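Heads up, the thing below is written out as structure tokens.
The values are calculated or read from the model by the stated rules, or taken from the named source; none is laboratory data. Nothing here was measured: the structure is a model prediction, and the numbers come from that model. All Cβ positions, glycine included, derive from the backbone under ideal geometry; neighbour counts span all protein chains shown. These area figures cover heavy atoms from the full protein model, side chains too; ligands, DNA and RNA do not enter into them. Shrake-Rupley method; radii C 1.70, N 1.55, O 1.52, S 1.80 Å.
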Amino acid sequence: MKKLNERNIASVYARWLSYTKSWHTDKKIVVIESDDWGSIRTSNRKAYDTLVQDGYDMSKSPYTLDALETNEDLTELYKVLNSVKDSQGNPACFTANMITANPDFMAIEKNNFSKYIYETVNKTLDKYEGRDKVRGLWKEGMATKTFHPQLHAREHVRYWEWMKALKENDDEARKTFQLGMCGVPRVVSKNGQSYFHPPYIDDKILNEHNVDLNQLISEGAELFKKEFGFYSKTTIAPNCCWTSSCEKIWKKNHIKFIQGGYLQEHHYANKTKYIAHYLGEKSKTKGLTYLVRNCTFEPSTSTNPNYWEGTFRQVENAFNRKAPALISSHRVNFIGSIEKKNRESGLEQLFKLLSAIIKKWPDVIFLNSSELAKEIEL
């Protein structure tokens, strides 16, 4: 109960900061920040069905429908984003926060689960059917201003906990490993275990597990540069959990803006510290500025066909406060390789939201996170 109260107090303070100190503008700016692109989750429909047959209730979490994006996922997403234009003739855009590496399952098994080995995302894409055009589609989206890659992390897995479970021959870890997965969401797990917890936790914990935070972040940044040809200007930590050590390493790796929500979480061994932020706030780490999301769009979490209306009201509230609308979303909402209806529903809701926005505010401007950063820097 104490932890809940601490979070609530920090959240109230963060909202107050947002109203009183955030960067403001008369422009009607919409930014959509979407996380988890490039990462694996559920490997394929066969794996999904196998786990259902083994007694896993996959319906408990929408993230069981998340998977490495396919050619079709991207082409269908681009159709929706290109179907609306802002006051300057630009389409809606996703700031796509990228995972740049995934576990190399074959190499890990060959080494008898003795050490963690990763592969670059382009190698992961080569192993999965229906993903042969994904890298080209990323580039196409960049050229048409519908898809703006930025750095999320090297991988979105607390891999040292996963490796420990694999070494100890944990049944669920091994079962899902053979399906090309790093476990399942906590609410689906039979033993309440998830390995998708935030990796950027307190230095003391990382040191105890021989995890080099500098290597973890810097390698992710370099892999991003190698894939896209430029260094990411912004980043978002997995689960909005990071430390001051992260910020120093981000700065060293060309990051200038930190995406996130109203609250930053700093995870210690037995507690979580909540730190309030506001849009445009300067970090104690000189040269870094915070971007704070103030709207949420996660249609996969709801069966309400009018879910989009809630996000629309959040956008309206932002504009009424002379703030840009920074919409938080995740890749899972637009993925259809596990369940096609999931993608169809997510894209339908996205189209309704974007159509309503341009109708209500014909002077709206669609920006990506890097472009918003330039506006704030002016």
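For the chain, give me the percentage of DSSP beta bridges that are antiparallel, rounded to the nearest 5 percent.
25 percent
Where the only charges are on Cβ atoms (+1 Lys, Arg; -1 Asp, Glu), what is the dipole of the chain about its Cα centre, to the nearest 20 debye?
980 debye
Quick one: accessible surface of PHE196, probe radius 1.4 Å, all protein chains present, in square angstrom to the nearest 10.
We get 20 Å² for PHE196.
Distance check, please: which entries in LYS252/LYS286; LYS123/LYS164; LYS233/LYS286; LYS139/LYS359; LYS60/LYS341; LYS252/LYS284 exceed 19 angstrom between their Cα atoms?
LYS123/LYS164; LYS139/LYS359
Taking amide H atoms as placed 1.01 Å from N in the peptide plane, list the residues 5 or more away in sequence, or in a different chain, whose amide H sits under 5 Å from that of GLN259.
Under 5 Å from the amide H of GLN259: THR235, ILE236, LEU291.
Pairs of alpha-carbon atoms within less than 8 angstrom and 6+ residues apart define the contacts here; what relative contact order does segment 1-118 have, in percent?
Normalised by residue count, the contact order of segment 1-118 is 30 percent.
Which aspartates and glutamates does LYS282 reach when only Cα atoms under 14 Å apart count, and residues fewer than 8 places away in its own chain are ignored?
GLU247, GLU377
At 1.4 Å probe size, with no ligands or nucleic acids counted, give the accessible surface of ILE9 in Å², nearest ten.
ILE9 has an accessible surface of roughly 120 Å² with all protein chains in place.
From the phi angles alone, apply the Karplus equation (6.51, -1.76, 1.60; θ = phi - 60°) to segment 117-129 and give each ³J(HN,Hα) in whole Hz, x where the residue is Gly or Pro.
9, 10, 10, 5, 4, 5, 6, 4, 4, 5, 8, 10, 5
Report, in cubic angstrom per residue, the convex hull volume of the C-alpha atoms of segment 19-60.
Hull volume normalised by residue count: 163 Å³.
Hey, got a sec? Which trypsin sites (Lys or Arg not before Pro) in segment 188-244 land in a DSSP loop and have at most 16 other Cβ atoms within 10 Å?
When the trypsin sites (Lys or Arg not before Pro) of segment 188-244 are filtered for loop state and at most 16 Cβ neighbours within 10 Å, LYS190 remain.
Could you please state how large a percent of the accessible area of the chain is carbon and sulfur, counting protein chains only and using a 1.4 Å probe?
49 percent
From the phi of every residue in segment 347-353, what ³J(HN,Hα) in whole Hz does the Karplus formula 6.51 cos²θ - 1.76 cosθ + 1.60 yield, where θ is phi - 60° and glycine or proline is x?
Values per residue, Gly and Pro as x: 5, 4, 5, 5, 4, 5, 5 Hz.
Quick check for me: using +1 on Lys/Arg Cβ and -1 on Asp/Glu Cβ, what's the dipole size of segment 225-332 about its Cα centre, in debye to the nearest 20?
660 debye
List the aspartates and glutamates whose Cα sits under 18 Å from the Cα of LYS226, skipping any in the same chain fewer than 8 residues away.
GLU119, ASP126, GLU140, GLU155
Using alpha-carbon positions, what is the distance between the centroids of segment 260-312 and segment 198-235, in Å?
Comparing the Cα centres of segment 260-312 and segment 198-235, I get a distance of 20 Å.
Note down, for the chain, the three equivalent ellipsoid semi-axes (square root of 5 times each alpha carbon gyration tensor eigenvalue), biggest first, whole angstrom.
So the three semi-axes of the chain are 31, 25, 20 Å.
Any chance you could give the angle, 0 to 90 degrees and rounded to 10, that helix 71-82 forms with the longest Cα principal axis of the chain?
Roughly 10 degrees, rounded to the nearest 10.
What angle do you read, to the nearest 10 degrees and between 0 and 90, between the alpha-carbon axis of helix 2-21 and the longest principal axis of the chain?
Here the helix axis deviates by roughly 30 degrees.
What are the radius of gyration and Dmax of segment 166-217, computed over its Cα atoms and given in Å?
Rg then Dmax for segment 166-217, in Å: 13.1, 34.
Convex hull over the Cα atoms of segment 218-271, averaged projected area in nm²?
Quarter of the Cα hull surface area: 4.2 nm².
Beyond 28 Å, what percent of the Cα pairs of segment 1-154 remain?
So the pairs more than 28 Å apart make up 43 percent of the total in segment 1-154.
With 5 Å bins from zero, work out the P(r) of segment 236-378 over every alpha carbon pair and list the percent per bin.
Reading upward from the zero bin: 2, 9, 16, 18, 17, 16, 12, 8, 2, 0.
Over segment 99-145, what number does the Rg to Rh ratio reach, with both radii from the alpha-carbon atoms and Rh per Kirkwood?
1.14
Nearest 5 percent is fine: what portion of the DSSP beta bridges confined to segment 190-282 is antiparallel?
60 percent
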